[in-house]
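Read the structure below first, then the notes.
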Amino acid sequence: MSRSFPSDFLWGVAASAFQTEGAVDADGRGKSVWDVYSHTPGRTTNGDTADIACDHYHRYPEDIALMRGLGVKAYRLSTAWPRIFPTGSGQINQRGLDFYDRVIDLCLHEGIEPWICLHHWDMPVAVEDNGGWRNRDTAKIFADYAAVIARHFGDRVKRFAPINEPNVIPWVAYNVGRHAPGKQDYPSSLQAIHTLNLAHGYSVKAVRAEAPHAEVGNIVSLGPVRPHYDDAAHEEARILGDCLWRRVTVDPLWLGTYPEPIAKDMEPYIQRDDMADIAQKMDFFGLNHYNPVFVGPNKNTTFGVAETAPPTGMGPLTDVNWMVDPAAFLEQIRDTSARYGKPTIYITENGASYPDALTPDRRVIDNDRIAYFNGYLNALLDALDEGHDIRGYFAWSLMDNFEWGRGYSKRFGLVYVDYPTLQRIPKQSYHWLSKVIKANAV
Ligand code: GBH
């Protein structure tokens, strides 16, 4: 039996600038921390860089046509800070704005609503050289950049979000050091948490001032945090991991406080007015969800806790060893609704990586990915039945792209990218999701 989504449910796809655009030297773009990190030997799988990526910078008309074919009504993109401010602040690079004008105008022409995320991890190197998120002044220059984007695009873009997954940055970039800039340093991780929250608050204010009719929300990657083993050390790691992963960059925004396990440690970083500046009223909660997160104690990290693989016997895993567990998605939605006062939720990312291969007649039969989407969309319908206020769903991602530390070795797309030729080949899952979207039912 088929199950329908609400008639005004918003279907979309999500992607990010650094992962898709390539053209890293085009039109005055500055360098980002990810350019440096990916060009550092040993940092990414196969030494992959995003110099070319999907060449979305030049091929965006083809990509927008693919979105149209899929039937989505929204595209969540990110603007690259180093395209607008090559050194993070100062002189605006008009040619950077021109690129996003072209993308946004074509989306609108095709009936696709562009959503702008202001920052998906590609921080200008010059900002990092000044301490990056470990320097609280970065919050102010980030808000200046946000103001420029909102002023320029606010006449056409109705949804903005400041920072993609601020929870990932202290955890992965400053704790385990597996994302740019690749550090492991406890005090600076705490400052990074606080600067990210301040940058959120200041930039929400800036967007509201420049684009008063736009909606603004946060985007965070959340999943239930579970201990890898059932013992006291793992339970301790779970409590701290839950706090660091799910709460430190969300509670301050929605509740105005730092969560208990880390509140004392945060005190030295908090100045007068900070907590009020951070807790701006928001219009939606952008929830990225992939998997439950397993953790354990780990002395080689700054927080003393790190993500682990799922324990054996947890059922099917994706190609990046994430557990396929739609019930955890439902659990996460319940947690978000309950803890943050029943916010309006958009699922701003969800998807899976599988080892796709081209058949001799150049098709991709990705039945695992179809099963993943089917399971997660059914869990979303269960959540709607329970009355949670979920207004839309963005699949990650339109096409295969630069998967950060894993380079091109992992594929999350509905569309296969044949990297040597950059040819786009819609996978079976693209055709499947397109039917779901057109029927508005699964
Ligand atoms: C999202 O993050 C990102 O927003 C998106 O850009 C990305 O492509 C997508 O997921 C798929 O991964 O093994 O130590 O390097 C989801 C949360 C946090 C999951 C960082 C992967 C890497 C840990 N991600 N984590 S590590």
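Residues in region 146-157 carry Karplus couplings, in order, of 4, 4, 4, 5, 5, 5, 6, 9, x, 6, 10, 9 Hz; the curve used is 6.51 cos²θ - 1.76 cosθ + 1.60 with θ = phi - 60°, and Gly or Pro positions show x. Here the 3J(HN,Hα) profile of region 160-173, calculated from phi with Karplus coefficients 6.51, -1.76 and 1.60 at θ = phi - 60°, is 10, 9, x, 10, 5, 6, x, 5, 6, 5, x, 6, 9, 7 Hz, Gly and Pro shown as x.
Among H228, H58, H194, the largest mean-square fluctuation in a Gaussian network model of the chain, built with springs joining Cα atoms closer than 10 Å, belongs to H58. A simple spin-label model places the labels of Q91 and M1 6.6 nm from each other, with each point 7 Å out along Cα-to-Cβ.
Between region 91-162 and region 21-37, the alpha-carbon centres lie 15 Å apart.
Simple point charges give the picture: +1 on the Cβ of Lys and Arg, -1 on the Cβ of Asp and Glu, and for the chain a dipole about the Cα centre of about 480 debye. For the Cα trace of region 197-349, dividing Rg by the Kirkwood Rh returns an Rg/Rh value of 1.00. For region 1-43, a Kirkwood hydrodynamic radius built from all Cα pairs, placed in the Stokes-Einstein relation at 20 °C and 1.002 mPa s, yields a translational diffusion coefficient of 151 µm²/s.
When K31, K140 are compared by accessible surface with a 1.4 Å probe, the order from highest to lowest is K140, K31.
Backbone amide hydrogens, once placed in the peptide plane, bring V305 within less than 5 Å of N298, excluding anything fewer than 5 places away on its chain.
Take the solvent-accessible surface of the protein heavy atoms, probe 1.4 Å, and return the percent of it on region 10-439 that carbon and sulfur atoms account for. Can you show the working numbers first?
On the way: 7800 of 15480 Å².
Carbon and sulfur atoms account for 50 percent of the accessible area of region 10-439.
In the context of the full protein assembly, D129 retains an accessible surface of approximately 120 Å², using a probe radius of 1.4 Å and ignoring ligands and nucleic acids. The accessible-area ordering, largest first, of the residues K427, K281 stands as K281, K427, per a 1.4 angstrom probe. Residue ranking by accessible heavy-atom surface, 1.4 Å probe, largest first, among I64, I92 comes out as I92, I64. Between I390 and I345, the built amide H atoms are under 5 Å apart, and every one of these is 5 or more places off in sequence or on another chain. Within the shell defined by Cβ-Cβ distances under 15 Å, the residues around Y258 carry a net charge of -3, with Lys and Arg each +1 and Asp and Glu each -1.
Tell me what the chain gives for mean residue ellipticity at 222 nm when only DSSP H runs of n ≥ 4 count, each as -39,500 (n - 2.57), the sum divided by the residue total, rounded to 500 deg cm²/dmol.
On the way: 15 runs with 164 residues, N = 442.
Here the helix-only value at 222 nm equals -11000 deg cm²/dmol.
For region 377-390, 3J(HN,Hα) computed residue by residue from phi via the Karplus equation (6.51, -1.76, 1.60; θ = phi - 60°) reads 5, 5, 5, 4, 5, 4, 5, 4, 4, 7, x, 6, 8, 9 Hz, glycine and proline entered as x.
The Cβ shell under 13 Å around L66 holds other residues with a net charge of 0, Lys and Arg each +1, Asp and Glu each -1. Measuring only protein heavy atoms, the 1.4 Å probe finds T308 accessible over about 50 Å².
Where nothing but the Cβ of Lys and Arg (+1) and of Asp and Glu (-1) is charged, how large is the charge dipole of region 1-97 around its Cα centre, in debye to the nearest 20?
Charge dipole of region 1-97: 300 debye, to the nearest 20.
Once Lys and Arg get +1 and Asp and Glu get -1 on their Cβ, which of P86, F9, V176 lies farthest toward the positive end of the dipole of the chain? Comparing the listed Cα positions along the dipole, F9 ranks first. I want the local charge near F142. Using Cβ-Cβ distances under 12 Å, sum +1 for each Lys or Arg and -1 for each Asp or Glu among the other residues. In short, +1. Residues whose amide H falls under 5 Å from that of R159, counting only those 5 or more places apart or on a different chain, are I116, E215, with hydrogens built in the peptide plane.
Partner aspartates and glutamates whose Cα lies under 14 Å from the Cα of K158, excluding those fewer than 8 positions away in the same chain, are identified as D105, E113, E210, E215, D283.
The values are calculated or read from the model by the stated rules, or taken from the named source; none is laboratory data. Because the structure is predicted, anything quoted here is derived from the model rather than measured. Note that we place each Cβ from the backbone using ideal geometry, even for glycine, and neighbour counts take in every protein chain shown. Just so you know, the surface numbers come from the protein's heavy atoms only, side chains and all, with ligands and any DNA or RNA stripped out. Shrake-Rupley method; radii C 1.70, N 1.55, O 1.52, S 1.80 Å.
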